[in-house]
Amino acid sequence: MSVISRDKVDKAVKVASTLISRGVSMSQIGNIQSMLMRLEARARMGGLHAEREQEEFECIMRAAAIDDRARRSLVEAIRESMKEASSRGESPTVSAATEMVSLIAWCYDAINDTVIKEALRTAGIMRIDRRTRPLVGRMADRIEDLSILIKYFMNPSLLARESGLRPKQGPIRSRRW
Amino acid sequence: MSGSIGGDLLQAAFQVFKSFKTGGKKVEQAQLANIVGVYEQYGSVDMVKLYVIRQVGRGKISREAAKTLIEKLERGYSDRLIELIGLVRWFYDAVKDRKIDLTQVNTYEEFVSKFVKGSGVP
């Protein structure tokens, strides 16, 4: 059993919220995840040196077509996770990278599909388009760790209010008076 | 099991069961096994909370059910998660072949009473 610490979950929530606010889609995360899984499979079969494994990991992360700030945040979290795995003597360390990306993907779903969508719904916004996308980013930026995520899950209208929305009235700035 | 199962845990399990059965979307029993699976795989109640929230977005667990379970976990039942979910599964098993209207049933005792009186005939 690989025990996942609270710190790691908090870090994953923070990275996921950065990815959402920087407009990274779930399918882009899925692409990174599948490339890392292929690398892990090769490393597990014993075909890669640790150095080569690291090089290929860097290559995958550089090649990912995502915003730079999102990339930095993602790479930092994954590197930290790989470093911890390495200090525990786990091999291949890239398995810690796939685990971290999976955790981030869970957080992404929880933030985007559950919490933000419901917060928008409480404000009467039923779909995300060019006009409402900045709101999603603003909401995501507020979610910095698991306890905040849970707080907003329990009370989605609070997230809507704190992001400048009023119940059933849509964005305050663009409302027609 | 880590300790005796008292009335509090039974009440908590009943409330979770009721929310799972009567929320906006009835939660399939398989979700309970998944919750236990996540806990056993990651050894973390935080992962269970995250999983449950994610499942709401995927339409597998109703919002009410997730809220009730997370509330219980936040209010001191996190170290008895396996027992709590185990009891919820027992409630699921108990009503498997019966139709019991849970809307007016608020406590574990009321549930047992309704069950024994046979108001929930198969």
**OP:** Quantify how much of the Cα-Cα distance distribution of region A:1-125 extends past 21 Å, in percent.
**Re:** 39 percent
Original post:
Short version: ³J(HN,Hα) in whole Hz for each residue of region A:49-56, in order, from phi by Karplus 6.51 cos²θ - 1.76 cosθ + 1.60 (θ = phi - 60°), x for Gly and Pro, what are they?
Top reply: 6, 4, 5, 5, 4, 5, 4, 5
Subject >> Between helix A:94-109 and chain A: long-axis angle, C-alpha atoms, 0 to 90°, nearest 10 >> reply: 10 degrees
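Viscosity 0.692 mPa s, temperature 37 °C: what is the translational diffusion coefficient of the protein assembly as shown from Stokes-Einstein with a Kirkwood Rh over Cα pairs, rounded to a whole number of µm²/s?
D, rounded to a whole number, is 156 µm²/s.
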**OP:** Could you give me the radius of gyration and the Dmax of region B:7-115, taking only the C-alpha atoms into account and expressing both in angstrom?
**Re:** 13.0, 38
**OP:** Might you report the magnitude of the Cβ-based charge dipole of region B:7-115 about its Cα centre, with Lys and Arg at +1 and Asp and Glu at -1, to the nearest 20 debye?
**Re:** 500 debye
**OP:** Using only alpha carbon pairs under 8 Å that are at least six residues apart, calculate the relative contact order of chain B and give it in whole percent.
**Re:** 34 percent
Original post:
What translational D, rounded to a whole number of µm²/s, comes out for region B:83-122 from Stokes-Einstein when the hydrodynamic radius is the Kirkwood one over Cα pairs, at 20 °C and 1.002 mPa s?
Top reply: 204 µm²/s
Original post:
Magnitude of the Cβ-charge dipole of the protein assembly as shown, K/R +1 and D/E -1, about the Cα centre, nearest 20 debye?
Top reply: 1640 debye
Subject >> Which listed pairs, of B:K25/B:K96; B:K72/B:K114; A:K151/B:K49, have C-alpha distances above 19 Å, in listed order >> reply: B:K72/B:K114
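Rule-based calculations on the coordinates, nothing more; no lab input. Computed from a prediction, not measured in an experiment: that's the story for all the values here. A quick note on method: Cβ atoms are made from the backbone with ideal geometry, for glycine too, and the neighbour counts reach across all protein chains shown.
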